[in-house]
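Below is one structure; the comments refer to it alone.
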Amino acid sequence: PSVPRHTNRLINEKSPYLLQHAHNPVDWYPWGQEAFDKAKKENKLIFLSVGYSTCHWCHVMEEESFKNKEIGEIMNKNFVCIKVDREERPDVDKVYMTFVQATSGGGGWPMSVWLTPDLRPFVGGTYFPPEDGVQHVGFRTVLLRIAEQWKENKDALLESSQKILKTLLHVSEISVQGQESPPPSEEVMATCFQQLSNSYDEDYGGFSKSPKFPTPVNLNFLFTYWALHRTTPEGARALQMALHTLKMMAHGGIHDHIGQGFHRYSTDQQWHVAHFEKMLYDQGQLATTYSRAFQISGNEFFADVIQDILLYVSRDLSDQAGGFYSAEDADSYPTSTSEEKREGAFCVWAAEEIRALLPDPIEGATEGTTLGDVFMHHYGVKETGNVNPMKDPRQELKGKNVLIVQSSPELTAARFGLEPAQLGALLREGRQRLVATRVQRPRPHLDTKMLAAWNGLMISGFAQAGAALAEPGYVSRAAQAAAFLRKHLFDPASGRLLRSCYRGKDNTVEQSTIPIQGFLEDYVFVIQALFDLYEASLDQGWLEWALQLQHKQDELFWDPKGFAYFSSEGGDPSLLLRLKDDQDGAEPTANSVTVTNLLRAACYSGHMEWVEKAGQILSAFSERLQKIPITLPEMARATAVFHHTLKQVVICGDPQEEDTKEMLRCFHSIFSPNKVLMVADGDSSGFLYRQLPFLTSLERKDGKATAYLCSNFTCSLPVTSPQELRGMLCL
């Protein structure tokens, strides 16, 4: 490779996104004191650009504007330019995204915001094309106009930025008004169900027309709603909506049928044409959601999807030290000699390519049928490509096919006169040949940053899948990742989590010079993962660490005045707002998940103040939960868990003995959203017995493994058979 013409300060960073911009002609600074001091000293405005390494439009804006020498000169002359990886610094991203959404009615990445030297925003947007067009103002023009405004009307700009900040502080506040109590759970659940039901797509599943996102938070809400209303028509509809959505997603082009895993979202109503990046947080949450679908339905189809997701993550997103990488890009070079990346190039196929790879005639099928004919029919492949040009504005997918299952195995088999079992083997053979061809294509960029929060979501995915499928290999992979977090993203001296670490040279794990401290979501998703891992592995060490982290979370983030947790720590002068997120989106918001975490923590420790805190969070979000719970489906779900009181399922027995294992298998095979598991193994010096003295009063009946259902530390009569336990769990 040729020596780069330009190198800026980002070359010293660890984030793959920041490193992508290290050779732009723009004099980029990372977010930090050096940039702030320069802006103040030279009395310059700041141009803040926020994105992430697998963001398609971030790449486009870089190619068009940030690599353009003339535009770079305008930026360097008039502004101090700062680049932020939103996955490293969600706190900075959230402050300025709140501003962009409030002032423009929309938001997204790349985010472009202009700030005064004291970091107050006054103009913002997302992607800007480089030059003026009929419908839009170009980036070059915006830069020059803003620079001119600062020269001519500095005082007016400063005044307006002050007003904007006041308004933002007011609108972003979430706190308890007066003596509010948690909202009534039945009402919140019913409203949320109704709102989801009204926005549900009866044909293809999902909760919007297009684009379509997986939104596991909606599906997990529906599973809990079903579990509490099993015998009602509404309960049946909730289950049908969730399972149908999961099936349609698995058949769709959003699911990578050749390389496994799920893409970020589909641009159409049919889950067909994907936006091709793959994010760790989607794989983790979907592994969990498909595990629940399998527990509820027993349908092996869902088990296959779980194995598919976890194969992808184990193979492509796993660091050899045990952590999980963040994401794979959507864009890649179509061939090793291509000069320009294209979206989806790694994943799409021309019909003639498939014909050439699968020419074999098939014995026993209708005459003249080749493996290519069967494969192309089953996966919706068309000679001229199967992508609607309306969904391909840049013509990157012209003549290509995104594989989508459009026919049931039975129909495909019948069409070609095949037995269903024979069809399965043929499709498997076809997929394997496509895999062999695809691995020779240039791979998309891999973001090897490892984030505590997203690793937490993935640990939950492996742990819950391992428990539901009785697959110990998945549980040990979860434990390996938790041990990685403890070693690389936890500081035992302070008891704090760190946000991120990175794959360094020679595949070592590296940390930034000044490590980024963990945010609320890092604590919440890791604590949830440790509870899930305890239930799957019964290793009490994970439980002990979870409770320590919960105490630390309370200390760093709790708002004693308005209740609920702030997303970031106090005391950082560069953060203008200390916010509480109020929306369950691609990931659940931390306050939503922490309600259930607090209830689980209380069950394992006897600290009842955690139950009180859970109620206070629900009170702080009460108005939103009662009016638009569809924006907080995970918190709506948690209102039901709070209201119904978490039940402790205590199994007295030796985890190595067959009768105890049978009881555990029974527990893990059933979806029961308001139960926690603990095993009383008789070792009174163990962590659980020290936390919960009532366990010493529970014993095995007639020497057999015995289960008790306890609520608020008062227990039911003992049962000794899996059948009786099953009856108890379905209550």
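The values are calculated or read from the model by the stated rules, or taken from the named source; none is laboratory data. The shown structure was predicted, so the numbers you read here are calculated from the model rather than taken from an experiment. FYI the Cβ positions are ideal-geometry reconstructions off the backbone, even for glycines, and counts take in every protein chain you see. Quick note on the areas: whole protein, heavy atoms, side chains included, nothing else; ligands and nucleic acids left out. Shrake-Rupley method; radii C 1.70, N 1.55, O 1.52, S 1.80 Å.
Below are the figures for this structure:
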{"quantity": "Residue match in the stretch 638-646 (condition: in contact with a Pro (Cβ under 9 Å, 6 or more places away or on another chain) and of a type in the set (S, T, N, Q))", "calculated": "yes"}
{"quantity": "Residue 118 vs. criteria without any contact (Cβ under 8 Å) to a residue 12 or more places away in the chain, more than 17 Å from residue 57 (Cβ to Cβ) and not in a helix (DSSP H, G or I)", "calculated": "no"}
{"quantity": "Members of the stretch 291-350 found to be of a type in the set (Ser, Thr, Tyr) and open to solvent by 20 Å² or more (accessible area, probe 1.4 Å), listed by number", "calculated": "297, 314, 318, 333, 335, 336, 337, 338"}
{"quantity": "Unique residue being within 19 Å of residue 99 (Cα to Cα) and small (Gly, Ala, Ser) when the list is 161, 197", "calculated": "161"}
{"quantity": "Count - residues of the stretch 12-23 that are within 21 Å of residue 330 (Cβ to Cβ) and surrounded by 20 or more Cβ atoms within 10 Å (Cβ to Cβ)", "calculated": "6"}
{"quantity": "Residue count, the stretch 244-271 (criterion: farther than 18 Å from residue 586 by Cα and either assigned to a strand (DSSP E or B) or open to solvent by less than 20 Å² (accessible area, probe 1.4 Å) (or both))", "calculated": "5"}
{"quantity": "Subset of the stretch 606-624 that is among the polar types (S, T, N, Q) and open to solvent by less than 10 Å² (accessible area, probe 1.4 Å) - its residue that is nearest to residue 687 (Cα to Cα)", "calculated": "619"}
{"quantity": "Filter result (touching a Leu at 6+ places or on another chain (Cβ under 7 Å) and of a type in the set (A, V, I, L, M, F, W, C)) within the stretch 101-145", "calculated": "102, 113, 114, 115, 119, 122"}
{"quantity": "Every residue from the stretch 211-241 that is charged (D, E, K, R) and either in a helix (DSSP H, G or I) or open to solvent by 60 Å² or more (accessible area, probe 1.4 Å) (or both)", "calculated": "230, 234, 237"}
{"quantity": "Some residue of the stretch 649-662 being part of a loop (DSSP other than H, G, I, E, B) and touching a Gly at 6+ places or on another chain (Cβ under 8 Å)", "calculated": "yes"}
{"quantity": "Test: residue 288 is over 19 Å from residue 211 (Cβ atoms), surrounded by fewer than 21 Cβ atoms within 10 Å (Cβ to Cβ) and among the β-branched types (Val, Ile, Thr)", "calculated": "no"}
{"quantity": "Cross-chain or 6+ apart pairs with Cβ under 6 Å, the stretch 437-457 first and under 22 Å from residue 346 (Cβ atoms), then open to solvent by 20 Å² or more (accessible area, probe 1.4 Å) and of a type in the set (S, T, N, Q)", "calculated": "442/336"}
{"quantity": "Test: residue in the stretch 665-678 that is open to solvent by 60 Å² or more (accessible area, probe 1.4 Å), assigned by the TED database to the domain that holds residue 714 and of a type outside the set (Val, Ile, Thr)", "calculated": "yes"}
{"quantity": "Condition met for residue 432 (surrounded by fewer than 22 Cβ atoms within 10 Å (Cβ to Cβ) and out of contact with any strand residue (DSSP E or B) (no Cβ under 9 Å at 6 or more places or on another chain))", "calculated": "yes"}
{"quantity": "Which numbered condition residue 642 fails, given (1) open to solvent by less than 10 Å² (accessible area, probe 1.4 Å); (2) of a type in the set (Phe, Trp, Tyr); (3) farther than 21 Å from residue 195 by Cα", "calculated": "(1)"}
{"quantity": "Qualifying residues in the stretch 37-57 (those that are in contact with a strand residue (DSSP E or B) (Cβ under 8 Å, 6 or more places away or on another chain), at pLDDT 95 or above and in a helix (DSSP H, G or I)) - the one surrounded by the most Cβ atoms within 10 Å (Cβ to Cβ)", "calculated": "39"}
{"quantity": "Some residue of the stretch 161-178 being small (Gly, Ala, Ser) and in contact with a strand residue (DSSP E or B) (Cβ under 9 Å, 6 or more places away or on another chain)", "calculated": "yes"}
{"quantity": "Where residue 3 falls short, out of the listed (1) farther than 26 Å from residue 328 by Cα; (2) touching a residue at least 12 places away in the same chain (Cβ under 8 Å); (3) not acidic (Asp, Glu)", "calculated": "(2)"}
{"quantity": "Qualifying positions in the stretch 121-146 - part of a helix (DSSP H, G or I) and surrounded by fewer than 19 Cβ atoms within 10 Å (Cβ to Cβ)", "calculated": "141, 142, 144, 145, 146"}
{"quantity": "The stretch 122-159: number of residues that are at pLDDT 90 or above, of a type in the set (S, T, N, Q) and under 36 Å from the mean Cα position of the chain (by Cα)", "calculated": "1"}
{"quantity": "Residue within the stretch 498-505 that is in a helix (DSSP H, G or I) and aliphatic (A, V, I, L, M) present", "calculated": "no"}
{"quantity": "The stretch 684-693, subset modelled with pLDDT of 95 or more and open to solvent by 30 Å² or more (accessible area, probe 1.4 Å), residue nearest to the chain's Cα centre (by Cα)", "calculated": "691"}
{"quantity": "Qualifying residue in the stretch 60-75 (condition: surrounded by fewer than 19 Cβ atoms within 10 Å (Cβ to Cβ) and within 22 Å of residue 510 (Cβ to Cβ))", "calculated": "no"}
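For (1) in contact (Cβ under 8 Å) with a residue 60 or more places away in the chain; (2) more than 21 Å from the chain's Cα centre (by Cα); (3) surrounded by fewer than 24 Cβ atoms within 10 Å (Cβ to Cβ), each residue gets a yes or a no:
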residue	(1), (2), (3)
521	yes, no, no
544	yes, yes, yes
552	no, yes, yes
561	yes, yes, yes
579	yes, no, yes
584	yes, no, no
